[in-house]
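Data block below; observations after.
The values are calculated or read from the model by the stated rules, or taken from the named source; none is laboratory data. Predicted model only: the values in this text are computed from it and were never measured. Cβ placement follows ideal geometry from the backbone for every residue including glycine, while neighbour counts extend to all protein chains displayed. Keep in mind that these areas ignore ligands, DNA and RNA; they rest on the heavy atoms of the full protein, side chains included. Shrake-Rupley method; radii C 1.70, N 1.55, O 1.52, S 1.80 Å.
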Amino acid sequence: MKEIIVKSFAKVNIGLQVRSKRDDNYHNIHTIFQQINLFDTLKITKTNKGVDFKSNVSWLNNDDSNLCIKAYKKISSICKIGGIKIDLIKKIPVYAGLGGGSSNAAAVLNGINKLYNLKFSSQYLELIGSGLGADVAFFINGGTQLGEGIGDQLTPIKRKFNQKLLIVFPNISIDTSWAYNEIKTFLDKSKNFVNFKDCLKKKEISFENFDNDFEKIIIPAYPEIGDLISVIREKKARLSSLSGTGSTVFGIFDDEATAKVAESAIPKEHKTLILDPIQFGA
């Protein structure tokens, strides 16, 4: 095998609790990661040595600031392999809370594993990925998973989601570091936390329990995001919320027809998509 084509899917967070700040300055979280059918495409080609990177966007550099390059260098420091060339076609927006960069890094790890027949287990790739970024481990297998710790402690959720997701992309970029710095004022050790995994065990999922703590700081700073969440809720969404630290807003609907009614109510300046969730290991 000389090259491989890999799809690099986005995610949304169905609920996100920030539970405490850690000694390493990261935060312990509790969330349900849900992969969605929006993806970047990577072509990974064998070369003699090193890594070369090209993309259809100008803001990704061919240097160590790039998670794709970091992923190659990490795995090549563990075992002896040749080089790779990465051609990335990006469709996942940046600074949107969809995990595009982390997903790309995981796609490189999975791609190299197959391209060079390394036979690394998914668990080992998750361990490698967790050293690259908080969400990278999730994207090794994707699907629906409970994420704890910094997002690297993962529990697969076997329950299938059959709902449709309306995704709205406001023309807003939200810096993750800023969001986590601001959330510290809301950390409360006495808070009664909801266990999201238990909510998924019920015959009828209580989506109203899946709050995103970052809405407390994002909506006051960006009121138009709060307006979008409200519009979606008014159109019979089972849940309307923010993904990660934003800025993407999503709604969960029982069927495509209801999702389309909600989509028609979104102001035209915002890009929208109706997407399916992706099951674990797909």
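Given the criteria within 27 Å of Ile14 (Cβ to Cβ) and in a strand (DSSP E or B), does Gln123 qualify?
No.
Would you check if Lys85 is in contact with a Leu (Cβ under 9 Å, 6 or more places away or on another chain) and of a type in the set (Lys, Arg)?
Here the answer is no, as Lys85 does not meet what is asked.
I'm trying to understand the selection: among the residues of segment 14-46, which are open to solvent by 30 Å² or more (accessible area, probe 1.4 Å), modelled with pLDDT under 95 and not charged (D, E, K, R)?
Correct list: Ser20, Asn25, Tyr26, Asn28.
Anything in segment 239-272 that is under 14 Å from Leu166 (Cβ atoms), buried (at least 18 other Cβ atoms within 10 Å of the Cβ) and not polar (S, T, N, Q)? List them, or say none.
Leu239, Leu242, Val249, Phe250, Gly251, Ile252, Phe253, Ala259, Ala262, Glu263, Ile266
With the structure loaded, tell me whether Gly133 is crowded, with 24+ Cβ neighbours inside 10 Å and either modelled with pLDDT under 95 or in a helix (DSSP H, G or I) (or both) or whether it fails that test.
So Gly133 fails the test.
Does Asp227 fit the bill of being modelled with pLDDT of 90 or more and either open to solvent by 10 Å² or more (accessible area, probe 1.4 Å) or within 22 Å of Ser103 (Cα to Cα) (or both)?
yes
Within segment 47-64, identify whether any single residue is under 28 Å from Glu182 (Cα atoms) and either open to solvent by less than 10 Å² (accessible area, probe 1.4 Å) or assigned to a helix (DSSP H, G or I) (or both), and answer yes or no.
Checked segment 47-64: no residue is under 28 Å from Glu182 (Cα atoms) and either open to solvent by less than 10 Å² (accessible area, probe 1.4 Å) or assigned to a helix (DSSP H, G or I) (or both).
For segment 92-115, state whether one or more residues are among the β-branched types (Val, Ile, Thr), assigned to a loop (DSSP other than H, G, I, E, B) and buried (at least 17 other Cβ atoms within 10 Å of the Cβ).
Taking every residue of segment 92-115 in turn, at least one turns out to be among the β-branched types (Val, Ile, Thr), assigned to a loop (DSSP other than H, G, I, E, B) and buried (at least 17 other Cβ atoms within 10 Å of the Cβ).
So which helices (runs of 4 or more DSSP H) stay within segment 171-282 end to end and still have 1 or more residues that are over 22 Å from Ile157 (Cα atoms) and out of contact with any Pro (no Cβ under 7 Å at 6 or more places or on another chain)?
176-183, 215-221, 223-234, 256-264
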